[in-house]
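The values are calculated or read from the model by the stated rules, or taken from the named source; none is laboratory data. Keep in mind that what you see is a predicted model, and the values were worked out from it rather than measured. A quick note on method: Cβ atoms are made from the backbone with ideal geometry, for glycine too, and the neighbour counts reach across all protein chains shown. Heads up: the accessible areas ignore ligands, DNA and RNA and are worked out on the full protein's heavy atoms, side chains in. Shrake-Rupley method; radii C 1.70, N 1.55, O 1.52, S 1.80 Å.
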Amino acid sequence: MLATEFMIDQPHTCLIDEPVGDVFLRMRAQGLRMLPVLDAGGCVKGVLSTYSVLGHIVPDYILSGDLSAIPYAPDIDMLRTHYTDVAGRLVGGVMDEEYLSVGPGESLLSVAAALVGFGRHEYALVVDKDGLLKGMISAGDILATLRKITCDAR
Amino acid sequence: MHGDSMVEPVVNHHVIFGLDPLWLAVSILLLVYAVVMMEKFNRAVLSLLGAGMMILGGVLTQQQAVAGVDFNTIGLLTGMMVIVAISQKTGMFQYVAIRAAKAVKGQPWGVLAMLATVTAVFSAFLDNVTTVLLIAPVTLLITDALGVRPYPYLFSQILASNIGGTATLIGDPPNIMIGSAAHLSFYDFLLHLTPIIPVIFLVTLLLIWMMFGRDLKASDEHRHLIMAFNENEAIKDHVLLKKCLLVLFLVIAGFTVAHQFHLEPASIAMTGAALLLLLQTWGKPLKDKDHAFEGIMAEVEWTTIFFFVGLFIVVTGVEHTGAIKWLADQTLAMTGGDFNATVAAVLWISAIASALIDNIPFVATMIPMIHDMGPSFGGEDMLMPLWWALALGACLGGNGSLIGASANLIVAGFAQRAGQPIPFLVFMKHAFGLMLISVAIAHVYIYLRYLI
């Protein structure tokens with residue numbers, strides 16, 4: 001079975017020069033956790049995930065582990081300030097440039113193995129040789145496909 | 001290392017392969033220094049290897065090597081490390097830092113000045129590395145809340161830690177070594193070094209203001225965030241805090257009167273450490289006591305302690321061969337035996353050297369050299385200005401570059417991990433001139449107080 005047969009075609013996307021805050025609102029409204037980021041020509045440039053947005057909001061000095069417990073800091077107000085800053089930035093400055101891409105002709109097993117091996121996101125972007133987005137495959141899509149095949153076999 | 005344990009140059013006839021002991025000892029010393037500077041291996045391992053080579057090579061016997069270790073320095077360092085390891089668990093450093101920032105109503109320059117002052121004062125009485133390790137993370141939090149770049153704050157804290165550490169016997173390892181070797185008490189340091197430190201600190205702060213101060217601005221919203229910090233939440237253990245403050249008070253009081261009771265600082269620090277270890281887990285089951293004790297022992301910087309042990313033996317080996325006496329004679333010949341010129345040479349050479357290499361091995365080498373100058377200047381009692389020159393030069397010199405002192409590297413490493421790297425050359429461009437000015441102030445002070 002090839003990637004094109006079980007991918008979601010025409011997935012939701014965002015543009016690299018949109019404000020993060022607007023895109024995040026759209027993601028919340030549509031229940032999405034990750035969006036492919038495209039340039040004006042439709043080429044894939046990266047992905048914007050709730051995880052990558054959060055990664056920009058939590059300060060590096062906390063992530064470094066040198067200051068783990070800070071019950072004395074006004075954390076809500078500080079994080080709000082960071083959120084306002086990140087929400088005002090363009091997607092290109094916040095997105096993950098590293099993402100998992102697979103070719104339209106790759107097999108189900110190959111895509112499943114690539115997803116497990118990548119480990120960062122649970123989505124693979126199906127991208128053709130010109131860098132254009134053809135569709136998207138999640139770990140859930142693969143499991144759903146396997147379930148359907150199993151039921152059909154019975 | 002000590003004046004009373006000085007050994008006349010000896011020719012050891014059992015040196016390995018019949019090598020010249022002088023060249024063997026000097027080669028070992030230079031090899032240890034060079035590899036330590038490369039920072040490819042643990043420095044304690046290197047100094048202990050050097051010590052082993054001194055003994056196995058036949059430069060020293062084991063008895064001579066052990067006699068060369070200054071256990072007063074080792075005891076003082078270990079005792080203070082234990083006290084600091086327990087104290088840092090209370091959250092008092094964070095409490096003071098937040099109180100300081102709130103005291104100036106979150107005004108950016110005021111926060112910088114207050115945090116630098118806190119760092120300097122803590123560094124005067126506690127280990128510099130621990131001080132910056134605890135203050136720097138809170139500084140990033142505070143600068144984040146203020147919406148200002150952290151570099152000027154971290155920069156000022158590096159300088160403040162080295163300046164503050166110069167003020168007392170226990171502030172910086174070179175002072176501990178000098179105090180022990182020259183039999184200078186905590187009170188002597190208070191009397192002779194402490195008075196000039198506020199002057200140097202204020203001038204440095206003024207220059208930092210000229211470099212960065214005018215660009216530090218924060219909105220009212222950001223300043224309100226600082227005022228929203230709750231410093232009381234920073235205190236993790238109120239009971240332990242009281243015990244720590246009591247022991248710290250007793251230890252510092254003990255240091256100031258130790259000389260009158262013929263007590264060495266190591267005895268005070270080790271007793272204080274033992275008392276705090278006892279109080280820390282008072283009333284708890286034996287299992288918890290053992291667990292807490294082992295935890296604190298694991299936090300003592302054994303690398304530094306064993307680095308000192310090895311270094312003392314290596315330098316003693318070189319001292320036994322007469323190389324340091326020769327170096328002292330050469331220095332005196334260079335200065336024409338003029339006392340003022342010798343003091344100036346010790347001060348400035350110490351400062352420049354300490355900016356570029358680890359000041360601990362440098363001071364370990366300089367101590368016997370200054371001892372050897374005693375006879376030329378009328379005895380040990382006349383050497384006081386030289387000891388103060390060495391202390392001021394070695395401690396203040398640490399501000400010259402990022403590798404000048406361990407605390408500098410700790411802050412740089414922390415800033416790097418936090419995504420706010422401090423470039424080596426940028427730091428040096430800002431700091432080297434300030435270091436030279438601070439040494440110049442120290443020079444004027446020594447000249448006015450001791451040389452005219």
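Could you rank the peptides B:368-380, B:175-187, B:415-427 by their average count of other C-beta atoms within 10 Å per residue, with the highest value first? Walk me through the intermediate numbers first.
On the way: B:368-380: 18.5, B:175-187: 22.5, B:415-427: 15.9.
Going from most to least packed, we get B:175-187, B:368-380, B:415-427.
Take the solvent-accessible surface of the protein heavy atoms, probe 1.4 Å, and return the percent of it on region A:3-153 that carbon and sulfur atoms account for.
Values: 4570 of 8090 Å².
The computed percentage sits at 57.
Sorted from largest to smallest, which semi-axis lengths in Å does the alpha carbon gyration tensor of the protein assembly as shown give for its equivalent ellipsoid, taking the root of 5 times each eigenvalue?
Output for the protein assembly as shown: semi-axes of 56, 29, 24 Å.
Any idea what the alpha-carbon Rg over 2.2 N^0.38 Å comes to for region B:299-354? Display every interim value, and only then the final one.
Numbers: Rg = 15.2 Å, N = 56, 2.2 N^0.38 = 10.2 Å.
With N residues counted in region B:299-354, Rg over 2.2 N^0.38 Å equals 1.49.
How large is the Rg to Rh ratio of chain B when both quantities use alpha carbon positions and Rh follows Kirkwood?
Ratio value, two decimals: 0.98.
Give me the inter-chain shielding for A:58-66: mean count of other chain Cβ atoms within 10 Å, whole number please. Write out the running numbers ahead of the final one.
Working: counts 0, 6, 8, 15, 5, 3, 9, 2, 9.
Per residue, the average neighbour count from other chains is 6.
Can you give me the orientation-averaged projected area of the convex hull built on the Cα atoms of region B:313-382, in nm²?
Values: hull surface 18.7 nm².
If you wrap the Cα atoms of region B:313-382 in a convex hull and average its projections, you get 4.7 nm².
Rule-of-thumb check for region B:101-191: C-alpha Rg over 2.2 N^0.38 Å? Write down the numbers at each step before the final one.
Details: Rg = 14.8 Å, N = 91, 2.2 N^0.38 = 12.2 Å.
That works out to 1.21 for region B:101-191.
For the pair B and A, how large is the buried accessible area, both sides, in square angstrom to the nearest 100, if the probe is 1.4 Å?
Values: alone 19060 and 9260 Å², together 26820 Å².
Counting both chains, the buried surface is close to 1500 Å².
Run the accessible area of region B:328-387 with a 1.4 Å probe and give the carbon-and-sulfur part as a rounded percent. Please report the intermediate quantities before stating the final value.
On the way: 1320 of 2010 Å².
Roughly 65 percent of what the probe reaches on region B:328-387 is carbon or sulfur.
Using a 10 Å cut-off on Cβ to Cβ distances, tally the other chain neighbours for every residue of B:135-148 and report the average as a whole number. Mind showing how you got there, number by number?
Working: counts 0, 3, 8, 5, 2, 7, 9, 1, 1, 8, 5, 0, 2, 0.
So the per-residue partner count for this stretch is 4.
Along each of its three principal axes, how wide is the spread of alpha-carbon positions in region B:164-213, in whole angstrom units, largest first?
Between the extreme Cα coordinates on each principal axis of region B:164-213 lie 41, 19, 11 Å.
Accessible area per residue of region A:3-153 at 1.4 Å probe, in Å²?
Numbers: 8090 Å² over 151 residues.
I get 54 Å² per residue for this part.
Could you pull the Rg and Dmax for region B:121-171, using just the Cα atoms, both in Å?
When restricted to the Cα atoms of region B:121-171, Rg and Dmax are 11.5, 38 Å.
Provide the convex hull volume over Cα atoms per residue for region B:131-271, in Å³.
Details: hull volume 18.2 nm³, N = 141.
For region B:131-271, the hull spanned by Cα atoms encloses 129 Å³ per residue.
Quantify how strongly other chains surround peptide A:77-86 by giving the mean number of their Cβ atoms within 10 Å of each of its Cβ atoms. Let's see the in-between values first.
On the way: counts 6, 7, 0, 1, 6, 1, 0, 0, 1, 0.
Mean shielding count: 2.
Can you give the percent of C-alpha pairs in region B:341-452 whose distance is more than 25 Å? It would help to have the intermediate numbers written out before the result.
Numbers: 1748 of 6216 pairs.
Cα-Cα pairs in region B:341-452 separated by more than 25 Å: 28 percent.
Report, please, the projected area of region B:343-389 averaged over directions, based on the convex hull of its C-alpha atoms, in nm². Please report the intermediate quantities before stating the final value.
Numbers: hull surface 11.9 nm².
For region B:343-389, the mean projected area of the Cα convex hull comes to 3.0 nm².
First measure r as the distance between the Cβ atoms of B:Thr61 and B:Val444, then evaluate 1/(1 + (r/R0)^6) with R0 = 60 Å and state the FRET efficiency to the nearest 0.05.
Numbers: r = 46 Å, r/R0 = 0.77.
Efficiency at R0 = 60 Å is approximately 0.85.
Could you work out the equivalent-ellipsoid semi-axes for region A:47-142, taking the square root of 5 times each eigenvalue of the Cα gyration tensor, largest first, in whole Å? Kindly include the intermediate steps, with their values, before the conclusion.
Values: eigenvalues 237, 50, 19 Å².
So the three semi-axes of region A:47-142 are 34, 16, 10 Å.
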